[in-house]
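One structure is given here, and the rest of the page talks about it.
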Amino acid sequence: MFYESSALTRTGAAPEPLQATLFGKGTVQGLDGERHRRRKGVFVRLLDAEAAADLAGRVTQGWERIARQRSGQGEVDIYTASHAVLADAAFAWAGIPVNRHEMPVRRADLVALFDDAVRGPWAHLRSRRARGRAEQWLAAIVRDVRAGKLDVSTGSALAVIAGYEEGGELLRPRVAAAELLNVVRPIVAVAVFIQFAVHALYAWPQVRERTPWHDARHRQAFCDEVRRFYPFFPVLVANAKETFDWQGVRVHAGSRVMLDLHGTNRDARAWNDADTFRPERFLADPVPTYGLVAQGAGSVQDHHRCPGEALAVALIDATLGHLRPRLDYSQPPQDLSLDRGRIPALPRHRFQLGC
Ligand code: HEM
């Protein structure tokens, strides 16, 4: 119903504080119908298997660089290091030029867009300021590309989004900037899944020990189970355009409809043993339709389903390829609980990597 019903619209559905931080205004998340399908096509084409392989390679190199640079200097906080590795890979892959001096602020702004958006008034303000700064910076780059002042590699996210036209007109530079952020921001947000994946390695030692890590199918199943099991993006929202009945419930025009993602991922009606971390379920049982909704559901082209699912899995997998053999499992953390009062939720323990 949430994906197929013509009685629902995404336009204006996300609360303003989320549009002003996480999503941006005028972006694909708030479009409906043909306009959505066309703009969505840009993301679907950009985020193909080749992009996933390219980015995964850059991420592996990023972790190797950290290992070399930090060798003998003690421990590295994995969450913070993931932000740097993912942001550097995202900017380079997208063709967005960032000089060495400005890199710290550009990385921090990407993190603030998803990590600070709904964490109290001060963090929220930080997130709003980060969006303003990042959009202004990228809008100037988009103008330079269009004016021919900046060389940009053909087919890169920057070139494609800067040149994308709707109804015969280029996107306003600020909207193009927000769409560029829609590509690079979520790549950095994969850092949250990386925290959960590392948490799973410690919390479920029997899974860690029995998984044949050399087998790509088992690694994919592990990543899918991380996406199913852990809470990340909590709910999706849409507005009812007209009054309708659904399964005995009257939904009034103008009311907000929410889809509970984590609740669906852990619903015992859809999953056997829903509260157990068991990657093998993705090898044996067919995945229930509309069961795994960690990144939305429905059709990627026609609905709002995330176009970055395969990419997210590839980046978790590339990172685990580096981290898994290097983590010290002889000293598991005392506190393996999750901080669910935080959005995004994170393990309370800050995992470290010995260098
Ligand atoms: C970090 C892990 C990720 C999570 C938890 C996540 C989650 C989601 C969710 C829940 C949606 C909304 C689905 C809906 O409205 O029905 C979405 C949409 C979207 N995601 Fe992701 N995503 C992730 C990674 C990515 C990546 C790596 C990219 C691209 C590089 C990406 C780009 C997008 C875009 C552009 C949309 C908007 C699609 C639309 O409105 O049609 N996401 N994502």
**Item:** Matching entry among Gly263, Gly354, Gly298 (being surrounded by fewer than 14 Cβ atoms within 10 Å (Cβ to Cβ) and either closer than 30 Å to Thr21 by Cβ or of a type in the set (Phe, Trp, Tyr) (or both))
**Value:** Gly263
**Request:** Would you be able to say whether some residue in the range 2-14 is touching a helix residue (DSSP H, G or I) at 6+ places or on another chain (Cβ under 9 Å), within 12 Å of the ligand (Cβ to nearest atom) and of a type in the set (Phe, Trp, Tyr)?
**Result:** no
**Request:** Please state which one of Gly263, Gly248 is free of Cβ contacts under 8 Å to residues at least 24 places away in the same chain, under 28 Å from Thr11 (Cβ atoms) and over 26 Å from the mean Cα position of the chain (by Cα).
**Result:** Gly248
**Complete:** The residue from Leu353, Leu336, Leu323 that alone is of a type in the set (A, V, I, L, M, F, W, C), more than 20 Å from Pro279 (Cα to Cα) and either away from the ligand (no atom under 16 Å from the Cβ) or assigned to a strand (DSSP E or B) (or both) is Leu353
**Message:** List pairs: first residue in the range 7-30 and farther than 14 Å from Ala112 by Cα and among the charged types (D, E, K, R), second residue open to solvent by 20 Å² or more (accessible area, probe 1.4 Å) and part of a strand (DSSP E or B) anywhere in the structure, Cβ distance under 9 angstrom, at least six positions apart or on different chains.
**Reply:** Arg10/Leu236; Arg10/Val237; Arg10/Asn239
**Prompt:** Regarding Glu209, is this residue among the charged types (D, E, K, R), surrounded by fewer than 17 Cβ atoms within 10 Å (Cβ to Cβ) and assigned to a helix (DSSP H, G or I)?
**Reply:** yes
**Request:** Find the residue count for the range 68-82, including only residues that are of a type in the set (Asp, Glu) and modelled with pLDDT of 95 or more.
**Result:** 1
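Pull up the range 74-83, narrow it to residues that are open to solvent by 20 Å² or more (accessible area, probe 1.4 Å) and assigned to a helix (DSSP H, G or I), then point me to the one that is nearest to the ligand (Cβ to nearest atom). First the steps, then the outcome.
Applying the first criterion (open to solvent by 20 Å² or more (accessible area, probe 1.4 Å)) to the range 74-83 yields 74-75, 77, 80, 83.
Okay, now just the ones that are also assigned to a helix (DSSP H, G or I), so 80, 83.
Numbers: Thr80: 16, His83: 12 Å.
Only one residue fits best here, namely His83.
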**Prompt:** What's the number of the condition Val226 fails, among (1) away from the ligand (no atom under 14 Å from the Cβ); (2) open to solvent by less than 50 Å² (accessible area, probe 1.4 Å)?
**Reply:** (1)
**Message:** Out of everything in the range 92-111 that is within 19 Å of Val192 (Cβ to Cβ) and touching a residue at least 40 places away in the same chain (Cβ under 8 Å), what residue ends up being least open to solvent (accessible area, probe 1.4 Å)?
**Reply:** Leu110
**Prompt:** Restricting the search to the range 268-319, which residues are within 13 Å of the ligand (Cβ to nearest atom) and of a type in the set (Ser, Thr, Tyr)?
**Reply:** Tyr290, Ser299, Thr319
**Request:** State whether the residues of the range 141-154 include one that is in contact (Cβ under 8 Å) with a residue 60 or more places away in the chain, of a type in the set (Ser, Thr, Tyr) and under 28 Å from His36 (Cβ atoms).
**Result:** no
**Request:** Please work out if Gly26 is within 12 Å of the ligand (Cβ to nearest atom) and either open to solvent by 10 Å² or more (accessible area, probe 1.4 Å) or not in a helix (DSSP H, G or I) (or both).
**Result:** no
**Message:** Looking at Met258 and the list (1) under 21 Å from the mean Cα position of the chain (by Cα); (2) open to solvent by less than 40 Å² (accessible area, probe 1.4 Å), which single condition is not satisfied?
**Reply:** (2)
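The values are calculated or read from the model by the stated rules, or taken from the named source; none is laboratory data. Fair warning: this is a prediction, and the values are worked out from it, not measured in the lab. With ideal geometry, Cβ positions are generated from the backbone for all residues, glycine too; neighbour counts draw on all protein chains shown. Ligands, DNA and RNA are excluded from the accessible area calculation, which covers all protein heavy atoms including side chains. Shrake-Rupley method; radii C 1.70, N 1.55, O 1.52, S 1.80 Å.
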